[in-house]
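The values are calculated or read from the model by the stated rules, or taken from the named source; none is laboratory data. Source: prediction; values computed, not measured. Cβ sites come from the backbone with ideal geometry, for glycine too, and all protein chains shown count toward neighbours. For accessibility, only protein heavy atoms count, side chains too; no ligands or nucleic acids. Shrake-Rupley method; radii C 1.70, N 1.55, O 1.52, S 1.80 Å.
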Amino acid sequence: ILAVDRISFSVAQGEVLGLLGPHGAGKTTLINILCTLLTPTAGEVRVAGHDLRTSPEQARMLVGLVTSNERSFYWRLTGRQNLRFFAELYHVSGGEADRRIAEFLGALDLAEFADRRFDSYSTGIRQRFAFARALLHKPRILFMDEPTKGLDPNASVALLRLIQDRILRTWRPTIIITSHIVTEIETLCVRV
């Protein structure tokens, strides 16, 4: 199946770009290519000036990824323990990791949940931890692949508000968000 064909676009630093399309349109495939999780079969892909074929490691250190239905956390660990583990993977360790974890726990209203087992969290809390993890290494580009999928309407509105009020205003990353829900894209994006 041809998922992504002849796409060409660029994103300015600090821009919020929305990729809107129906299920199966290739949005997730495109995000996975841009995050170096999939290798394109043809064409040229650059992320922050880095060619993904020749220097994927450099590009990978500049991006954060938030997906729907997050499954990569360790369910028997607490939220804080998970964030410490992922901070080490991003080469953020010691006091700096603890400072960043405390910053994100506070900014994303997660402090009261930090020391509970991950499997006790609601879907909305898990999704906020996914944002904390994606921001741990302070990426220049944040990819969000249907971040509200699986959330009830109130949790979706709260998450979109958190993205606007906290993530965009505080850390100002470039954001590329995928969705099939027009109102989400309209709420967050400058360009679609």
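Some observations on this one:
- Under the convention that each Lys and Arg Cβ holds +1 and each Asp and Glu Cβ holds -1, the size of the dipole of segment 105-172 around its Cα centre is about 320 debye.
- Zero-based 10 Å bins, Cα pair distances in segment 27-82, whole percents: 21, 43, 25, 10, 1
- Distance-filtered residues of segment 44-73 - backbone nitrogen under 18 Å, label point 7 angstrom along GLU88 Cα→Cβ: 72-73
- Length gained when the stretch ARG116-LEU77 is fully extended (0.36 nm per residue, less Cα-Cα span): 13.2 nm
- Shape call, segment 98-147: gyration tensor on alpha carbons, a/c limit 1.5: oblate
- For Rg/Rh (Cα atoms, Kirkwood Rh), the candidate list reads (1) 1.01; (2) 0.97; (3) 0.95; the entry that matches the value derived from this model is (3).
- Highest to lowest packing among 8-16, 109-117, 131-139, scored as the average C-beta count within 10 Å: 131-139, 109-117, 8-16
- Carbon plus sulfur fraction of accessible area for the chain, probe 1.4 Å, in percent: 51 percent
- The order of the peptides 40-48, 58-66 by mean Cβ neighbours within 10 Å, most packed first, is 58-66, 40-48.
- Normalised contact order of the chain, rounded percent, pairs of Cα under 8 Å and 6 or more residues apart: 34 percent
- In this rough spin-label picture, where each label sits 7 Å from Cα along the Cβ direction, the ARG46-ARG161 distance is 4.1 nm.
- Overall, the chain carries a charge dipole of about 220 debye about its Cα centre when +1 sits on the Cβ of Lys and Arg and -1 on the Cβ of Asp and Glu, all other atoms neutral.
- Under 14 Å, Cβ to Cβ, from LYS27 - net charge with Lys/Arg +1 and Asp/Glu -1: -3
- The C-alpha radius of gyration of segment 96-192, expressed as a fraction of 2.2 N^0.38 Å, stands at 1.06.
- Protein heavy-atom accessible surface, 1.4 Å probe, per residue over the chain: 53 Å².
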